[in-house]
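A quick write-up on the structure given underneath.
The values are calculated or read from the model by the stated rules, or taken from the named source; none is laboratory data. Given the structure is predicted, the values throughout are model-derived calculations rather than measurements. Because the Cβ atoms are built from the backbone with ideal geometry, glycine has one as well, and the counts that use them run over all protein chains shown.
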Amino acid sequence: MPFLDVNGTRLHYEDAGTGPALLLLHGWGTSGRVWYSCLPDLVRDHRVVTLDWRGCGRSDHPADGNTIAGVTADLVTAIETLRIKPTVVGSSIGGLFATELALARPELVERVVAVDSPGYWPSTGMLDQVLDLRKQLVDDRAGTLAGWVPDWFAPGAAPELVDWTVRQLLDSGAYIDELFTECTTYDPRPRLKDLAVPITYLHGELDAQIPLEVPRGCAAETPGARVHVLAGCGHVPHQENPRAFTAALRIIAA
């Protein structure tokens with residue numbers, strides 16, 4: 001399996017296809033595997049890199065560096081090592097990483113696609129929920145995830161998909177829980193006016209975690225930003241409806 005040695009940590013990645021580069025970033029605690037249903041279509045005409053960020057999947061699970069800044073620094077090194085200038089597609093908290101990367105190093109990024117990204121929501125609309133979740137993960141990690149993850153998906157999602165997602169989360173490192181604490185004070189809106197690369201907020205219509213007011217609010221602060229809503233999808237549209245997701249991504253990245 002291919003790995004990158006990044007800031008003292010081994011990060012697992014997969015790299016396939018040729019053409020304009022896409023860097024796909026998964027959400028909290030999952031892995032690059034969440035993109036598998038999208039890959040056969042995308043690699044036909046794109047170079048597609050999926051990366052398990054630190055603490056997740058097949059990458060190392062270090063006790064240090066599990067912050068938005070730490071993961072963003074890893075992305076800088078990964079992009080420079082792979083010699084790509086990608087469209088960075090970030091799911092959930094991966095959208096925060098993509099946005100922070102573009103703010104810090106716009107010359108490395110072609111565009112950003114923030115997929116159901118939480119934006120400022122953990123520090124405002126769901127502050128109490130996030131703080132409570134942080135405690136519950138310590139007390140009963142398996143039970144907490146089993147109760148929380150089904151709400152990531154729109155009604156009718158296959159139980160097998162939900163169970164598979166829970167298993168990925170249980171395999172991730174517990175140190176990434178620190179990201180929840182950091183997100184309770186995170187609000188990018190004052191800096192979005194400085195974003196120098198195009199961004200699209202791609203959001204599931206039925207996302208029960210992050211309401212549509214969040215991408216619309218972020219887009220209102222970001223020059224030239226667009227919001228694209230995927231009908232019938234929840235928080236992880238790339239898993240719920242890969243065909244609709246890849247079709248939308250092709251329009252955005254064209």
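Quick check on region 13-33. Is at least one of its residues farther than 26 Å from Val149 by Cβ and crowded, with 18+ Cβ neighbours inside 10 Å?
Of the residues in region 13-33, the ones farther than 26 Å from Val149 by Cβ are 15-21.
Those still in the list that are crowded, with 18+ Cβ neighbours inside 10 Å too: 21.
Scanning region 13-33, I find at least one residue that is farther than 26 Å from Val149 by Cβ and crowded, with 18+ Cβ neighbours inside 10 Å, so the answer is yes.
Test Val197 against the criterion of being β-branched (Val, Ile, Thr) and part of a loop (DSSP other than H, G, I, E, B), and give yes or no. So that I can check it myself, show each step before the final result.
Numbers: β-branched (Val, Ile, Thr): yes; part of a loop (DSSP other than H, G, I, E, B): yes.
Yes.
Among what's in region 41-68 and is surrounded by fewer than 20 Cβ atoms within 10 Å (Cβ to Cβ) and under 22 Å from Glu110 (Cβ atoms), pick the residue that is nearest to the chain's Cα centre (by Cα).
Selected residue: Ile68.
Considering each of Thr9, Thr72, Thr50 in turn, give the residue that is touching a Leu at 6+ places or on another chain (Cβ under 6 Å) and over 22 Å from Ala248 (Cβ atoms). Show your work before the answer.
Numbers: Thr9 fails: touching a Leu at 6+ places or on another chain (Cβ under 6 Å); Thr50 fails: over 22 Å from Ala248 (Cβ atoms).
One residue alone meets the criteria, Thr72.
This table checks each residue for (1) surrounded by 13 or more Cβ atoms within 10 Å (Cβ to Cβ); (2) more than 17 Å from the chain's Cα centre (by Cα); (3) not β-branched (Val, Ile, Thr).
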residue	(1), (2), (3)
Gln136	yes, yes, yes
Trp164	yes, yes, yes
Ser172	yes, no, yes
Asp177	yes, no, yes
Arg191	yes, yes, yes
Val197	yes, yes, no
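Could you grab me the full set of residues in region 138-162 that are assigned to a helix (DSSP H, G or I) and either among the basic types (Lys, Arg) or surrounded by fewer than 14 Cβ atoms within 10 Å (Cβ to Cβ) (or both)?
Kept after step one, since they are assigned to a helix (DSSP H, G or I), are these residues of region 138-162: 138-139, 141-152, 159-162.
Val138, Asp139, Arg141, Ala142, Gly143, Gly147, Asp151, Pro159, Glu160 - these are the residues of region 138-162 that are assigned to a helix (DSSP H, G or I) and either among the basic types (Lys, Arg) or surrounded by fewer than 14 Cβ atoms within 10 Å (Cβ to Cβ) (or both).
Pick out the one residue from Ala73, Ala69, Ala63 that is part of a helix (DSSP H, G or I), hydrophobic (A, V, I, L, M, F, W, C) and in contact (Cβ under 8 Å) with a residue 40 or more places away in the chain.
Details: Ala69 fails: in contact (Cβ under 8 Å) with a residue 40 or more places away in the chain; Ala63 fails: part of a helix (DSSP H, G or I).
Testing whether each residue is part of a helix (DSSP H, G or I), hydrophobic (A, V, I, L, M, F, W, C) and in contact (Cβ under 8 Å) with a residue 40 or more places away in the chain leaves just Ala73.
Spot the failing condition for His235; the list is (1) in a helix (DSSP H, G or I); (2) in contact with a helix residue (DSSP H, G or I) (Cβ under 6 Å, 6 or more places away or on another chain); (3) farther than 20 Å from Leu101 by Cα, and only one is missed.
Answer for His235: the failing condition is (1).
With the structure loaded, tell me whether Arg44 is within 17 Å of Gly94 (Cβ to Cβ) and of a type in the set (D, E, K, R) or whether it fails that test.
Values: within 17 Å of Gly94 (Cβ to Cβ): no; of a type in the set (D, E, K, R): yes.
Judged against the criteria, Arg44 is not a match.
If the Cβ limit is 6 Å and pairs must be 6+ apart or interchain, which residue in region 167-179 that is modelled with pLDDT of 95 or more pairs with which residue that is part of a helix (DSSP H, G or I) and buried (at least 17 other Cβ atoms within 10 Å of the Cβ)?
Close Cβ pairs satisfying both conditions: Leu169/Leu145; Asp177/Leu137.
Out of the residues in region 93-134 that are farther than 25 Å from Gly17 by Cα and in contact with a Gly (Cβ under 6 Å, 6 or more places away or on another chain), which is surrounded by the fewest Cβ atoms within 10 Å (Cβ to Cβ)?
Ile93
Looking only at region 163-175, count every residue that is part of a helix (DSSP H, G or I) and either touching a Lys or Arg at 6+ places or on another chain (Cβ under 8 Å) or of a type in the set (Ser, Thr, Tyr) (or both) and tell me the total.
Quick first cut of region 163-175, residues part of a helix (DSSP H, G or I) only: 163-171, 174-175.
With the extra rule that they be either touching a Lys or Arg at 6+ places or on another chain (Cβ under 8 Å) or of a type in the set (Ser, Thr, Tyr) (or both), the set shrinks to 165, 168, 170, 174-175.
Summing the residues that are part of a helix (DSSP H, G or I) and either touching a Lys or Arg at 6+ places or on another chain (Cβ under 8 Å) or of a type in the set (Ser, Thr, Tyr) (or both) in region 163-175 gives 5.
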